[in-house]
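Read through the structure below, which is laid out as structure tokens, and then see the notes.
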Amino acid sequence: MRVTLVIPPETHSIELSIPKGLEGGKGVYPKLGLLYVAANIEARLGVTPSVIDCPAERLDYEGLERRLRECNPELVGVTTLTFNLIDCWKTIKLTKRLFPQSKVCVGGQHVTLYPEETLGLEGVDFICHGEGERVFTWLADALRKGSTTEELAKIPGLGFKDAGSSLEPGASPRTRINPHQDRIDDLDDLPMPARHLVDLGRYDHVAAQGERLATMQTSRGCPAKCLFCDIRMTKFRKRSAKHVMAELQYLVDRGIDDFFFVDDTITIDKSRLFEICDIIKASGLKIHFKISARVDTVKPQLLEALAGAGCYRIHYGVESATPRLLKYLQKQTTPEKVATAFRWTKEAGIGAFAYCMIGIPTETKEEMLNTVDFAISLDPDYAQFSICTPYPKTALYQSMLEMGIISEDYWRAFARNPTEDFRVRFWNADYSEEELRDIQGECHRRFYSRLGYIARQARQLRSWHDLRMKAGLGAKILLRQLNR
Ligand code: B12
């Protein structure tokens with residue numbers, strides 16, 4: 001069976017918390033979801049899929065068409081997030097036009113949130129909600145064996161269109177969504193992502209440190225309750241330190257020296273993280289890596305261990321300098337805790353990335369600008385000021401619906417009918433989107449145009465390519481502000 005897995009082009013992404021102009025041009029990280037799916041089908045069924053990573057291969061729809069024709073697929077898997085749903089659907093329709101007999105299965109975070117709506121889209125034959133490794137493999141196996149509708153109905157996490165025997169002419173097929181599969185508890189049981197199916201040399205990012213970059217995942221889930229996050233209060237599951245080390249070694253042997261651990265919150269289980277750091281140190285591997293953490297999950301000893309193992313940056317969710325707003329966001333932190341964690345991080349010799357938010361409901365402009373001053377006082381390597389965005393199915397969005405702030409479930413409507421005129425909505429009664437985008441520009445300019453900051457970045461340049469990427473990003477930040 002010829003299987004092709006596609007990461008769609010990012011030409012029609014919707015503008016979210018960060019302006020598209022700033023999001024683009026920073027580089028591309030390898031996306032692990034599809035590579036996990038690819039590895040599992042290869043290991044369990046002996047089917048080696050082709051992977052088309054459009055952003056990394058810099059493919060538009062013409063390029064994608066060329067690549068799809070080369071692959072001549074029978075089963076196509078497409079990964080999707082809500083922000084690139086339009087591109088996802090265009091990819092599906094292109095596939096169906098080129099290969100009407102092929103089967104299309106869609107998976108990813110968006111599908112997990114909106115299984116029914118995604119399955120309803122023209123061209124989609126199957127959806128996979130939740131983790132895709134096993135479900136997609138079961139599906140491919142079932143298709144290979146020519147399984148019946150009843151057999152498909154037994155695959156947990158799968159959804160499909162059932163034409164049924166009594167379908168009236170012209171009637172739409174019934175959509176059937178099977179119950180959720182159990183979460184994969186033993187993550188060591190999963191084969192490592194099939195990175196051999198992509199060109200690792202194509203990935204790089206403005207905030208990277210080494211020569212060659214890879215993403216890695218050592219755990220899944222986060223028990224925290226942040227109001228704006230759609231994975232809040234999900235069960236934390238982890239790989240063993242030994243399993244993680246085997247993957248690191250595999251990648252180092254292939255020239256990778258810079259790792260981005262994309263775990264939701266890798267620091268939840270401290271003893272395992274200590275163990276990972278110890279093994280890396282004992283192995284003598286010379287690597288750089290960065291992680292994401294909550295400020296209340298780090299302590300000096302852990303930071304020291306991380307630094308010793310090669311951790312060069314920690315991404316922290318700072319969000320706001322205003323305690324009232326932190327409380328509202330159910331962040332369970334305070335500016336003092338944030339400042340302490342940043343101080344400890346610096347003392348351990350690790351850099352920091354401060355994720356901040358502006359435009360939180362009821363937030364004033366003064367409070368937004370206070371957050372920039374606070375971020376500057378934390379002295380991170382980078383800071384990002386996102387506009388607080390009620391993402392689909394988050395508690396923040398649900399509360400907007402329940403309180404009647406919005407009258408229609410616009411994300412659901414978009415999931416049913418993704419149109420290019422869709423605009424994301426923010427929730428701050430006192431400022432329009434334009435005003436918020438203006439303040440956001442001002443925040444980035446304030447943070448990034450400091451002479452001391454620019455001088456430090458210049459000292460840390462890795463290469464001409466690095467200089468080009470950083471200069472390009474800097475110019476964009478300043479030009480956006482001047483053009484406003
Ligand atoms: C790391 C990360 C980033 C990184 C790197 C992204 C990358 N290229 O790897 C950075 C910081 C760049 C980033 C940026 C953004 N991110 Co982000 N990010 C994440 C994070 C924390 C992990 C993603 C990941 O690698 N997961 C690990 C893999 C293994 O999981 P997975 O991708 O979900 O795949 C599994 C299933 O979904 C499924 N699956 C996936 N694809 C397919 C396909 C098929 C065919 C099948 C069958 C199954 C399947 O199977 C996979 C294996 O189990 C998630 C949170 C999360 N837990 O998902 C947010 C998340 C994906 N990001 C999100 C958002 C909104 C963004 C931004 C748009 C933010 C912004 N700037 O406004 C940008 C978009 C940039 C971009 N172009 O991608 C949202 C998406 C919400 C949504 N409804 O779409 C998430 C879910 C965070 C959240 N909770 O709100 N992000």
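Some values worked out for this structure:
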item: Reachable lysines from LYS327, criterion Cα separation under 24 angstrom, eight or more residues apart if same chain; result: LYS225, LYS235, LYS299, LYS337, LYS365, LYS393
item: Stokes-Einstein D (µm²/s) once Rh is taken as the Kirkwood radius of the chain over alpha-carbon pairs, at 25 °C in 0.890 mPa s; result: 103 µm²/s
item: Cβ-based exposure ranking for LYS281, LYS90, in which fewest neighbours within 10 Å come first; result: LYS281, LYS90
item: Exposure proxy ranking, count of Cβ atoms within 10 Å, fewest first, for VAL372, VAL262, VAL295; result: VAL262, VAL372, VAL295
item: Prolate/oblate/rounded call for segment 27-149, Cα gyration tensor, a/c under 1.5 rounded; result: rounded
item: Rounded to the nearest 20 debye, dipole of segment 343-446 from Cβ charges on Lys, Arg, Asp, Glu; result: 360 debye
item: Dipole in debye (nearest 20) - segment 1-157, about Cα centre, beta carbon charges: Lys, Arg +1; Asp, Glu -1; result: 320 debye
item: Sequence of GLU151, GLU319 once ranked by neighbouring C-beta atoms within 10 Å, starting from the fewest; result: GLU151, GLU319
item: Global form of segment 328-405, assessed from the alpha-carbon gyration tensor, a/c cut-off 1.5; result: prolate
item: Per-residue HN-Hα couplings for segment 182-189 [Karplus 6.51, -1.76, 1.60; θ = phi - 60°; Hz; x = Gly/Pro]; result: 5, 4, 6, 7, 8, 5, 5, 6
item: Karplus (6.51, -1.76, 1.60) ³J(HN,Hα), θ = phi - 60°, over segment 358-373, in Hz, Gly and Pro reported as x; result: 10, x, 5, x, 6, 6, 8, 4, 4, 5, 4, 5, 4, 5, 5, 4
item: Hz values of 3J(HN,Hα) by residue in segment 97-114 - Karplus curve (6.51, -1.76, 1.60), Gly and Pro given as x; result: 5, 6, 9, x, 7, 6, 9, 10, 10, 10, x, x, 4, 4, 5, 5, 6, 10
item: Selection of trypsin sites (Lys or Arg not before Pro), segment 157-260, meeting DSSP coil and at most 15 other Cβ within 10 Å; result: ARG183, LYS225, LYS235, ARG254
item: Amide H partners (placed H, <5 Å) of ASP204, local residues excluded; result: VAL28
item: Cysteines not pairable in the chain (beta carbon separation under 4.7 Å absent); result: CYS54, CYS71, CYS88, CYS105, CYS128, CYS222, CYS277, CYS311, CYS356, CYS388, CYS443
item: Alpha-carbon Debye profile of segment 151-237, log10 I(q)/I(0) at 0.14, 0.20 Å⁻¹; result: -0.88, -1.07
item: Dipole magnitude of segment 75-119, debye to nearest 20 (Cβ charges: Lys/Arg +1, Asp/Glu -1, about Cα centre); result: 280 debye
item: Taking segment 98-148 and dividing mean pair separation by its residue count, relative contact order in percent (alpha carbons under 8 Å, at least six apart); result: 34 percent
item: Largest to smallest principal axis extent of the C-alpha atoms in segment 313-458, angstrom; result: 48, 30, 28
item: Helix-only [θ]222 nm of the chain, DSSP H runs n ≥ 4, -39500 (n - 2.57) each, per residue, nearest 500; result: -12500 deg cm²/dmol
item: Placed amide H near VAL104: partners under 5 Å, 5+ positions off or other chain; result: VAL76, ASP125, PHE126
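Rule-based calculations on the coordinates, nothing more; no lab input. Note that this is a predicted model, so its numbers are computed, not measured. Positions of Cβ are backbone-derived with ideal geometry, glycine not excepted, and every protein chain shown enters the neighbour counts.
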